[in-house]
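To start, the structure under review is shown below, and the notes come after it.
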Amino acid sequence: MDRLLPVNAADDILPDYRGTPVERLLKYHNLGAPFGSYNQAEMLIGMCMDHRKNLQLPAKFAYVIRSGGANLSHSEFTISYAISVGGVKALAVIGHTNCGMVNVASKKEAFVSGLVEKAGWDHDWALAHFHSFAPLFEISEEIDFVLKQVASLRQRYPKITVAPLLYRVEDNLLYLIKE
């Protein structure tokens, strides 16, 4: 966690993000800044679907895509739409501590038995489903995965500000990730 930069004051926000929607996101969530009024989204936030995370944001400030592990690799069209038609100026990729997608392979038995018992799936279908999709969503470590996502997005959208962040479920705050 020594790669995290806490944001406890406005001065903690890195210069690259000052004056951008990323700065406003950090001020709203971490610093309790009064909510602005928005008619359209200024940014897109990609974050994990985990239920333990709840961002403090004003209405209409951001599009939010939630996917296991904050994996945005299958959301390219949606991101492109938010930029081209929606007019967003920035992206934030927010990973979080204790993510269930880290080492998802170790959860195979729970996954398969859960689909069989709770959803009525056939065991072989559940197993095939796991083997088909687990490799697409498994992440090795939260911070490294966020940085990979950010690098890919920056290459794809070079005029858009893309920020790597981590949500610590232990304190419900956002942290900048050192690059």
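Would you mind stating whether residue 90 is under 24 Å from residue 153 (Cα atoms), touching a Pro at 6+ places or on another chain (Cβ under 9 Å) and touching a residue at least 24 places away in the same chain (Cβ under 8 Å)? Criteria met by residue 90.
Applying a threshold of 7 Å to beta carbon distances and a minimum spacing of six or more residues, or different chains, the list of pairs starting in region 31-42 at a residue that is among the polar types (S, T, N, Q) and ending at one that is open to solvent by 60 Å² or more (accessible area, probe 1.4 Å) and in a loop (DSSP other than H, G, I, E, B) reads 39/60; 40/60. For region 79-97, the tally of residues that are among the hydroxyl-bearing types (Ser, Thr, Tyr) and open to solvent by 80 Å² or more (accessible area, probe 1.4 Å) stands at 2. I want to confirm something. Restricting to region 1-27 and keeping residues that are out of contact with any Lys or Arg (no Cβ under 8 Å at 6 or more places or on another chain) and among the basic types (Lys, Arg), which single residue is surrounded by the most Cβ atoms within 10 Å (Cβ to Cβ)? Out of the qualifying residues, it is 24. If you filter region 34-85 down to residues that are over 19 Å from residue 21 (Cβ atoms) and among the hydrophobic types (A, V, I, L, M, F, W, C), you find that the one that is farthest from the chain's Cα centre (by Cα) is 77. Filtering region 138-158 to residues that are within 20 Å of residue 49 (Cα to Cα) and either open to solvent by 60 Å² or more (accessible area, probe 1.4 Å) or in a loop (DSSP other than H, G, I, E, B) (or both) leaves 138, 140, 141, 144, 148. Here the condition is being out of contact with any Phe, Trp or Tyr (no Cβ under 7 Å at 6 or more places or on another chain), in a helix (DSSP H, G or I) and either open to solvent by 40 Å² or more (accessible area, probe 1.4 Å) or farther than 21 Å from residue 158 by Cβ (or both); of 39, 30, it holds for 30 alone.
When residue 76 is tested against (1) without any contact (Cβ under 8 Å) to a residue 60 or more places away in the chain; (2) open to solvent by 30 Å² or more (accessible area, probe 1.4 Å); (3) under 23 Å from residue 156 (Cβ atoms), just one condition goes unmet, and that condition is (1). A count restricted to region 159-169 and to residues that are in contact (Cβ under 8 Å) with a residue 40 or more places away in the chain and either among the small types (Gly, Ala, Ser) or open to solvent by 50 Å² or more (accessible area, probe 1.4 Å) (or both) stands at 2. Residues of region 98-137 that are outside any helix (DSSP H, G or I) and surrounded by fewer than 10 Cβ atoms within 10 Å (Cβ to Cβ): 120 alone.
The values are calculated or read from the model by the stated rules, or taken from the named source; none is laboratory data. These numbers were taken from a predicted model, which means no experiment stands behind them. Cβ atoms come from the backbone with ideal geometry, glycine included; neighbour counts cover every protein chain shown. The area values use the complete protein model at the heavy-atom level, side chains included, leaving out ligands, DNA and RNA. Shrake-Rupley method; radii C 1.70, N 1.55, O 1.52, S 1.80 Å.
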